[in-house]
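Notes for the one structure printed next.
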Amino acid sequence: MSNVLLFDIDGTLLNSGGAGQYAMEQALLEVFGVAGPYENILAAGRTDRAITTDLFSHHKIDPSEANWSTFQEAYFRHLPEALGKLDGVVLPGIVDLLDGLAANPNVTLGLLTGNFQTGADLKLRHYQLDHHFAFGGFGDNHFDRDDVARLAMEAACTHLSRTVPGESIWVIGDTPSDIKCGRAIGAKVVAVSTGIYSYEVLEEAGPDFLFTDFSDVVAVTECLTALSK
C-alpha cells in the first residue's frame, strides 16, 4: 500500500519572510484601523482561524461573519504583495525532495497546514510548489491542529477513493504541534528544525525521524517511502 505524505508549509517547505503576519497586520489596519503589537500571539503550529480569533480578541473586534469575511478578503489581497516584497525562500532540499516524491508511484502528496486554504494556495503558487499538491487539510475552520489532521486524512481518502490507514500516513512538519497532530491520526512523523523550534525541542516531542533540514534528500526520501517498498 502506498504512503500518503502530508506536508506542513511554513517552516517546513518554505520561509515566507513573515508574509502571512505582515498581510494580516495590513488587513487589520485597512479594515478595522488597528495595529500591533502582536508579540504575545503565537503563530507557529497554529491555525489561521485560531490566530485570527486571537487577533480579533486582542483588538476587541466583534467576530461576526461580516467582519470575518471582510478581514479574509483583505488578507488575501495583501498576501501576494507581501510575498513579493519580503525576503522569503524555499527551504533546503525541498525542490528536489518534492520532485522526486511526485515521480514516485508509491507515494501521494498532500498538505496538512494551519493556513487558510486560499492563503496556502497563494504561498505555494508564489514559490512554484503548488503543482505537487492536489488535496489537504487547512486551517479555515478549526482551532485545533489535531482536527486539521483528521480533515487531511479524510481528504486523502476522498482523493484516493479508498480508506487510508494511519500507519501508511506520514506527517512532515517543523513544530511540536505537527508531531502531536500526526499522532492524533495514528501517523508516523518526520520533523525538521527549519522553523522556530530547535532540534532539541522537537526531539523531546518524539517524532519518528528528525532532521536539521532536508538537504540530504536521499535520507529523507528513504524515510518517507520506507513502508511502500
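The values are calculated or read from the model by the stated rules, or taken from the named source; none is laboratory data. Fair warning: this is a prediction, and the values are worked out from it, not measured in the lab. We place every Cβ from the backbone using ideal geometry, glycine too, and count neighbours over all the protein chains shown. Heads up: the accessible areas ignore ligands, DNA and RNA and are worked out on the full protein's heavy atoms, side chains in. Shrake-Rupley method; radii C 1.70, N 1.55, O 1.52, S 1.80 Å.
The numbered conditions (1) among the hydrophobic types (A, V, I, L, M, F, W, C); (2) crowded, with 18+ Cβ neighbours inside 10 Å; (3) without any contact (Cβ under 8 Å) to a residue 12 or more places away in the chain are all true for Leu83 except (3).
Exactly one residue among Val89, Val107 is surrounded by fewer than 16 Cβ atoms within 10 Å (Cβ to Cβ), of a type in the set (Val, Ile, Thr), touching a residue at least 60 places away in the same chain (Cβ under 8 Å) and within 16 Å of Phe214 (Cβ to Cβ), and that residue is Val89. The set of residues from the stretch 124-153 being farther than 26 Å from Gly88 by Cα and of a type outside the set (A, V, I, L, M, F, W, C) comprises Asn141, His142, Asp144, Asp146, Asp147, Arg150. Selection of the stretch 92-104 for residues being open to solvent by less than 40 Å² (accessible area, probe 1.4 Å) and touching a Leu at 6+ places or on another chain (Cβ under 7 Å) yields Ile94, Leu98, Leu101.
The criterion of at least 3 residues that are in contact with a helix residue (DSSP H, G or I) (Cβ under 6 Å, 6 or more places away or on another chain) and of a type in the set (A, V, I, L, M, F, W, C) is met, among helices (runs of 4 or more DSSP H) falling completely within the stretch 174-229, by 176-184. The residues of the stretch 1-48 that are surrounded by fewer than 21 Cβ atoms within 10 Å (Cβ to Cβ), touching a residue at least 40 places away in the same chain (Cβ under 8 Å) and more than 28 Å from Gly93 (Cβ to Cβ), listed by number, are Gln26, Glu30, Val31. When you check Val95 against the structure, is it within 30 Å of Ser168 (Cα to Cα), part of a helix (DSSP H, G or I) and not hydroxyl-bearing (Ser, Thr, Tyr), yes or no? Taking the combined requirement at face value, the residue satisfies it.
Within the stretch 137-147, at least one residue is open to solvent by less than 30 Å² (accessible area, probe 1.4 Å), among the charged types (D, E, K, R) and farther than 23 Å from Glu25 by Cβ.
All of Thr163, Thr158 fail the test of being surrounded by fewer than 16 Cβ atoms within 10 Å (Cβ to Cβ) and assigned to a loop (DSSP other than H, G, I, E, B), apart from Thr163. When the test is whether a residue is outside any strand (DSSP E or B) and surrounded by 18 or more Cβ atoms within 10 Å (Cβ to Cβ), Gly114 passes it. Residues that are aromatic (Phe, Trp, Tyr), surrounded by fewer than 18 Cβ atoms within 10 Å (Cβ to Cβ) and within 16 Å of Val107 (Cβ to Cβ) within the stretch 172-229 comprise just one, Phe209. Every condition in (1) touching a residue at least 24 places away in the same chain (Cβ under 8 Å); (2) among the aliphatic types (A, V, I, L, M); (3) under 24 Å from Thr175 (Cα atoms); (4) not in a helix (DSSP H, G or I) holds for Ile51 except the one numbered (4).
Quick check on Gly139: is it within 30 Å of Arg183 (Cα to Cα) and either over 13 Å from the mean Cα position of the chain (by Cα) or of a type outside the set (Ser, Thr, Tyr) (or both)? In short, yes.
In this structure, Asp96 does not qualify as touching a residue at least 40 places away in the same chain (Cβ under 8 Å) and either under 17 Å from the mean Cα position of the chain (by Cα) or farther than 14 Å from Leu13 by Cα (or both).
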